[in-house]
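Data block below; observations after.
The values are calculated or read from the model by the stated rules, or taken from the named source; none is laboratory data. Nothing here was measured: the structure is a model prediction, and the numbers come from that model. We place every Cβ from the backbone using ideal geometry, glycine too, and count neighbours over all the protein chains shown. Each accessible area value is taken on the protein alone, full model and side chains, heavy atoms only, with ligands, DNA and RNA left out. Shrake-Rupley method; radii C 1.70, N 1.55, O 1.52, S 1.80 Å.
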Amino acid sequence: MDRSHPGHDTTALAPAPAAPVLWYPGDRPAAFAPAEIQGAAAGIRQPLHLVAAPDGGGIGIAVGGATAPAAPGRRGLPLLGTLPPLYPEWLGDRSFGETHGTRFPYIAGEMAGGIATVAMVSAMARAGMLGFFGSAGLDPERVERATVELATGLAGKPNWGINLIHSPGEPALEDRIAEIALRHRVPAVSASAFMSLTPAVIRIAAGGLRRGPQGRVLRATRLFAKVSRPEVAGPFMAPAPAALLRALVGRGQLTEAEAGLAARVPVAEDVTVEADSGGHTDNRPLTVLLPAMLALRDELTAAHGYDRGIRIGAAGGLGTPAAVAGAFALGAAYVLTGSVNQATREAGLSDDAKDMLARADMADVTMAPAADMFEIGVKLQVLRRGTLFAARATRLYELYRDHESWEDIPPRQRDRVEQDILKASFDTVWAETLRFWTHRDPAQVQRAERDPRHRMALTFRWYLGMSSRWAVAGHGERRADYQIWCGPAMGAFNRWAADSFLAKPSHRDVVQIALNLLEGAAVITRAHQLRSHGVAVPATAFSFRPRRLA
């Protein structure tokens, strides 16, 4: 059709140009000066309007007022866009809170030896977060008492759990902790330090699996996997291995139905990427590790055709609001803190050790042999300042590595070990060690009787095990031997908290720390949003000072 024909009026077909939308101020003018921009940007819980300066002098932000098409006689500023409110609750993956019954995408991690106490886990749960009891290194009887206390005190709440740590030398211990978790219907279990999947992990992940009304597979216990390497993370993001499922069915620890459903879902739907943390760590930077894990997650989700997502969380090095904001910006579904919680009132650590942590700087950490994996040379990150533990533990490992038995060590070196490290004769320490393992795991005693090198390892492990207990109990006479798990996040936190109400350990509350880290992360995220939209945000808008938050 010839639209140039006089009978066709093309101007009638063109829409009328829309009037530009303007922002009209209320009781507060738009902010263009740096100090004004910072003040407005800090109001994260209200919409922020991006407006153009009337003289073409850049982009400002406006709060309140009204937006409407330009009208004769009204003076307003051109509206470029509006940022909706930003809440700390919204920083992570919304499905985290929906699944685990939390308000915030935040976890207080499972600091071993009961340092993550019942009180800490309870406080986190009641504040709308998630906490894991630090069951690693504790007798199963004590773990069960804590589990019962939590199950009773937090009845009906799904946002708490306990730790299951890998115990390659004591697989029966893993099984006992798994049994406790399942018997008491613990809502969540964090599996940490695992190098491969074990029957205990699969039993927790698959136990109680069932189909919901719409056919979706539902979990009785939600397994978190704390990992620091892609090759370890992969099996947790895949369905449970058929061989392990068959073995558990054969033992009567899983039903055929549970095993069948376990083949359709990942072992863990929450995977915590552990970067440069305290305790067991590979010291990897989060900015390197987290993107690799996210890519692996996407690859495995597509390969297995899951009907659900796998959430990837971040841990390690999170001691300031900026670090937490960075983790969420990288794509973390949730964050987990550890080191910064050890110097809180709720932590099961002596006041003496908390004071040492509160004085630590970022470089005041080092690596030392781990008690639970001593023979295979696994290390963990500990506090260096104020303690000789790392040097002394390393010396014990070197002697174990280089000699076949205690008697094989030159007499002068044996004397130094007894005087400077054990502070008792080898035979005295072995007698105490023997009593411990006779009760804990008699198989270790039998092996030590056959293998003098294993006897030496168990005796040296006495020092590594007791050093953390001395720190927990506050045995001042062994202060130089305190083993305090700690990452560089502790020093970063101390710098941030200096001269604030969080400076002293006696004022540090695990919930206040969490709320401040999340609030600060939201403020920093807002500043980044504004800067990426062209607002000249001052550098000071990217800092957040601790304050008492409700």
inquiry  = Return the residues of the stretch 376-395 that are closer than 17 Å to Met466 by Cα, over 22 Å from the mean Cα position of the chain (by Cα) and not in a loop (DSSP other than H, G, I, E, B); say none if nothing qualifies.
reply    = Phe389, Ala390, Ala391, Arg392, Ala393, Thr394, Arg395
inquiry  = Every residue in the stretch 446-487 that is open to solvent by 30 Å² or more (accessible area, probe 1.4 Å) and more than 19 Å from Asp352 (Cβ to Cβ), please.
reply    = Gln446, Arg447, Glu449, Arg450, Asp451, Pro452, Arg453, Arg455, Arg461, Trp462
ask   = Counting just the residues of the stretch 407-439 that are crowded, with 16+ Cβ neighbours inside 10 Å and touching a residue at least 40 places away in the same chain (Cβ under 8 Å), which one comes out farthest from Ala480 (Cα to Cα)?
value = Leu422
note = For the stretch 99-110 the number of residues that are more than 21 Å from Thr525 (Cβ to Cβ) and either surrounded by fewer than 22 Cβ atoms within 10 Å (Cβ to Cβ) or out of contact with any Ser or Thr (no Cβ under 8 Å at 6 or more places or on another chain) (or both) is 3
task = Look through the stretch 379-406, keep the residues that are of a type in the set (D, E, K, R) and without any contact (Cβ under 8 Å) to a residue 24 or more places away in the chain, and return whichever of them is farthest from Thr428 (Cα to Cα).
result = Arg384
inquiry  = Taking the criterion of being surrounded by fewer than 18 Cβ atoms within 10 Å (Cβ to Cβ), over 22 Å from Thr337 (Cβ atoms) and touching a Ser or Thr at 6+ places or on another chain (Cβ under 6 Å), would at least one residue in the stretch 377-388 satisfy it?
reply    = no
ask   = If you scan the stretch 98-120, which residues turn out to be in a helix (DSSP H, G or I) and either of a type in the set (Gly, Ala, Ser) or in contact (Cβ under 8 Å) with a residue 40 or more places away in the chain (or both)?
value = Thr99, His100, Ala119, Met120
task = Find the residue count for the stretch 493-514, including only residues that are touching a residue at least 40 places away in the same chain (Cβ under 8 Å), under 14 Å from Thr320 (Cβ atoms) and open to solvent by 10 Å² or more (accessible area, probe 1.4 Å).
result = 4
message = Just to verify a result, which residue in the stretch 231-250, among those that are free of Cβ contacts under 8 Å to residues at least 24 places away in the same chain and under 21 Å from Asp175 (Cα atoms), is surrounded by the most Cβ atoms within 10 Å (Cβ to Cβ)?
response = Val249
